[in-house]
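Heads up: the structure comes next, in structure tokens.
The values are calculated or read from the model by the stated rules, or taken from the named source; none is laboratory data. Quick caveat, the model's predicted, so the values are computed rather than measured. Cβ placement follows ideal geometry from the backbone for every residue including glycine, while neighbour counts extend to all protein chains displayed.
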Amino acid sequence: MCLLRSAEERSQNRELHVTTKEELAKGVSEGQFATVEICEDDHMEQLKADEMFAETRKFDECTVYWRFAPKVASQSAPPEK
């Protein structure tokens, strides 16, 4: 993933949701994404998607993850009133 450098380009990165792998890994680990696609050149171990999601499906060189694993779902559930 290549980030653009000028102020205008950084603004475009934000609009297009371009992010670093570190920021992406943090978002996945915090449960910010309900669905994640990881392709062959991505660092799958860094994202730990297989620990976060209960469902996976492989398509060519990519794997799609969805439905939080029970442990993750219970941690991110809103508090009961």
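Can you find even one residue in region 43-55 that is farther than 14 Å from Ala69 by Cα, in contact with a strand residue (DSSP E or B) (Cβ under 9 Å, 6 or more places away or on another chain) and modelled with pLDDT under 80? Don't jump to the end; show me each part of the working.
The initial filter retains those residues of region 43-55 that are farther than 14 Å from Ala69 by Cα, namely 43-47.
Those left that are additionally in contact with a strand residue (DSSP E or B) (Cβ under 9 Å, 6 or more places away or on another chain): 44, 47.
Within this subset, residues satisfying the condition of being modelled with pLDDT under 80 are 44, 47.
Yes, that holds for at least one residue.
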Inter-residue pairs, beta-carbon under 8 Å, first at positive phi and in region 44-69, second modelled with pLDDT of 90 or more and surrounded by 15 or more Cβ atoms within 10 Å (Cβ to Cβ), 6+ apart: Arg67/Phe53
Pairs where the first residue, in region 27-41, is without any contact (Cβ under 8 Å) to a residue 60 or more places away in the chain and on the phi > 0 side of the Ramachandran plot and the second is surrounded by 15 or more Cβ atoms within 10 Å (Cβ to Cβ) and not in a helix (DSSP H, G or I), C-beta under 8 Å, 6+ apart: Gly31/Phe68
Enumeration of residues in region 11-42 that are in a helix (DSSP H, G or I) and either touching a helix residue (DSSP H, G or I) at 6+ places or on another chain (Cβ under 9 Å) or under 14 Å from Phe68 (Cα atoms) (or both): Lys21, Glu22, Leu24, Ala25, Gly27, Val28, Ser29
